[in-house]
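Trainee: Attaching a single structure in structure tokens format; questions to follow.
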């Protein structure tokens, strides 16, 4: 599932492949990924426009067209953005294709179609969309983060994953952060003392820094994410067998020996 580092990687794809180039044609191959806009209206608003500087907030990728409309991409569980040549064969799950003026294409590829592509007609509409989200995980400072945890009685993992509180963290990142901080995922957030909350914040910043450089949550064997799908997953730190249970509807992996 794409999380903040994956979307940062797609931002770089847009920046290198599309920024400053004009959209010659929009090919909507599956309207099931369009959110709040029809195919005809999308083509009318986007064709002929020049792609601006892309930016990200949480898991959303925003591509403005001058001072007017903006495309907003939400990658859901299986979405991705790829840059291809015009002659490259289309893939089964290529849902929306932007043909650019230099014979390259930007393709939104998504198997499950849980989210998709939205068009914000102006800055006010974009602000309304972003108002549903909390601050970006990379932009939060430590005092705000500590205050957020102190005020929440839900499980600390649930707080980390709540996009209305912190934008950008998903299932893998949250498990990795809590494993690094040695905090059990089901502990009530407000029960953490200040030292533990500081450890969670530090772990979040370090995990994001490394994952952003990789453009994904790296499945390193020294990381929890590199062991969670083993047949008999063991903690990379202590070697104890990892536990697994659902928290907020998501499979959660942790080490009962290391995380208290």
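Trainee: Out of all the residues in segment 156-177, is one or more over 17 Å from residue 249 (Cβ atoms), part of a helix (DSSP H, G or I) and in the same structural domain as residue 246 (by TED's automatic domain parsing)?
Mentor: Yes, segment 156-177 contains a residue that is over 17 Å from residue 249 (Cβ atoms), part of a helix (DSSP H, G or I) and in the same structural domain as residue 246 (by TED's automatic domain parsing).
Trainee: For segment 17-44, give me each residue that is over 20 Å from residue 91 (Cβ atoms), touching a strand residue (DSSP E or B) at 6+ places or on another chain (Cβ under 8 Å) and surrounded by fewer than 19 Cβ atoms within 10 Å (Cβ to Cβ).
Mentor: Selection gives 20, 21, 22, 24, 35, 36, 41, 43.
Each row is one residue, and each column tells you yes or no for (1) over 28 Å from residue 128 (Cα atoms); (2) touching a strand residue (DSSP E or B) at 6+ places or on another chain (Cβ under 9 Å); (3) touching a residue at least 60 places away in the same chain (Cβ under 8 Å).
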{"residue": "170", "(1), (2), (3)": "no, yes, yes"}
{"residue": "176", "(1), (2), (3)": "yes, no, no"}
{"residue": "194", "(1), (2), (3)": "yes, no, no"}
{"residue": "245", "(1), (2), (3)": "yes, yes, no"}
{"residue": "253", "(1), (2), (3)": "yes, yes, yes"}
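Trainee: Please find, within segment 56-70, the residue that is surrounded by the fewest Cβ atoms within 10 Å (Cβ to Cβ) out of those that are touching a helix residue (DSSP H, G or I) at 6+ places or on another chain (Cβ under 9 Å) and modelled with pLDDT under 95.
Mentor: If we take residues in segment 56-70 being touching a helix residue (DSSP H, G or I) at 6+ places or on another chain (Cβ under 9 Å) and modelled with pLDDT under 95, then 67 is surrounded by the fewest Cβ atoms within 10 Å (Cβ to Cβ).
Trainee: Can you tell me which residues in segment 238-260 are touching a helix residue (DSSP H, G or I) at 6+ places or on another chain (Cβ under 8 Å) and closer than 14 Å to residue 182 by Cα?
Mentor: 242, 253, 254, 255, 258, 259 - these are the residues of segment 238-260 that are touching a helix residue (DSSP H, G or I) at 6+ places or on another chain (Cβ under 8 Å) and closer than 14 Å to residue 182 by Cα.
Trainee: For residue 111, work out the one condition from (1) without any contact (Cβ under 8 Å) to a residue 40 or more places away in the chain; (2) over 24 Å from residue 70 (Cβ atoms); (3) outside the structural domain of residue 46 (by TED's automatic domain parsing) it doesn't fulfil.
Mentor: The single condition residue 111 does not satisfy is (3).
Trainee: Related question: Tally the residues that are assigned to a strand (DSSP E or B) and either surrounded by fewer than 19 Cβ atoms within 10 Å (Cβ to Cβ) or out of contact with any strand residue (DSSP E or B) (no Cβ under 8 Å at 6 or more places or on another chain) (or both), restricting the search to segment 104-130.
Mentor: Final tally of qualifying residues: 1.
Trainee: Just checking, which of 178, 172, 138, 133 is surrounded by 15 or more Cβ atoms within 10 Å (Cβ to Cβ) and over 26 Å from residue 220 (Cα atoms)?
Mentor: Matching residue, one of 178, 172, 138, 133: 133.
Trainee: Is it the case that residue 53 is surrounded by fewer than 17 Cβ atoms within 10 Å (Cβ to Cβ) and not in a loop (DSSP other than H, G, I, E, B)? Step through it out loud before you land on a result.
Mentor: On the way: surrounded by fewer than 17 Cβ atoms within 10 Å (Cβ to Cβ): yes; not in a loop (DSSP other than H, G, I, E, B): no.
So residue 53 does not fit the description; no.
Trainee: May I ask you to verify whether residue 203 is part of a loop (DSSP other than H, G, I, E, B) and either modelled with pLDDT under 95 or farther than 22 Å from residue 76 by Cα (or both)?
Mentor: When the stated conditions are applied, residue 203 does not pass them.
Trainee: Hey, among 252, 202, 225, which residue is closer than 21 Å to residue 4 by Cα and surrounded by fewer than 16 Cβ atoms within 10 Å (Cβ to Cβ)?
Mentor: 202
Trainee: Moving to a separate point now. Sort out which residues of segment 75-96 are surrounded by 20 or more Cβ atoms within 10 Å (Cβ to Cβ) and assigned to a strand (DSSP E or B), and write them in order of number. Please lay out each step first, then the result.
Mentor: Taking segment 75-96 as the starting set, the residues that turn out to be surrounded by 20 or more Cβ atoms within 10 Å (Cβ to Cβ) are 75, 79, 81, 95-96.
Answer for segment 75-96, where residues must be surrounded by 20 or more Cβ atoms within 10 Å (Cβ to Cβ) and assigned to a strand (DSSP E or B): 81, 95, 96.
Trainee: Give the residue that is nearest to residue 194 (Cα to Cα), with candidates limited to residues of segment 140-151 that are assigned to a loop (DSSP other than H, G, I, E, B) and at pLDDT 95 or above. It would help to see each step written out before you state the result.
Mentor: First, the residues of segment 140-151 that are assigned to a loop (DSSP other than H, G, I, E, B): 140-141, 151.
With the extra rule that they be at pLDDT 95 or above, the set shrinks to 140-141.
Details: 140: 17, 141: 15 Å.
Here the residue is 141.
Trainee: Then there is this: Select from segment 209-222 the residues that are under 16 Å from residue 177 (Cα atoms) and surrounded by 12 or more Cβ atoms within 10 Å (Cβ to Cβ) and list them in ascending order.
Mentor: Restricting attention to segment 209-222, the residues satisfying the condition of being under 16 Å from residue 177 (Cα atoms) are 209-212, 216-222.
Of everything in segment 209-222, those that are under 16 Å from residue 177 (Cα atoms) and surrounded by 12 or more Cβ atoms within 10 Å (Cβ to Cβ) turn out to be 210, 211, 212, 216, 217, 218, 219, 220.
The values are calculated or read from the model by the stated rules, or taken from the named source; none is laboratory data. Here the structure is a predicted model, which is why all the values come from computation and not from measurement. Every residue, glycine among them, receives a Cβ derived from its backbone with ideal geometry; neighbour counts consider all protein chains shown.
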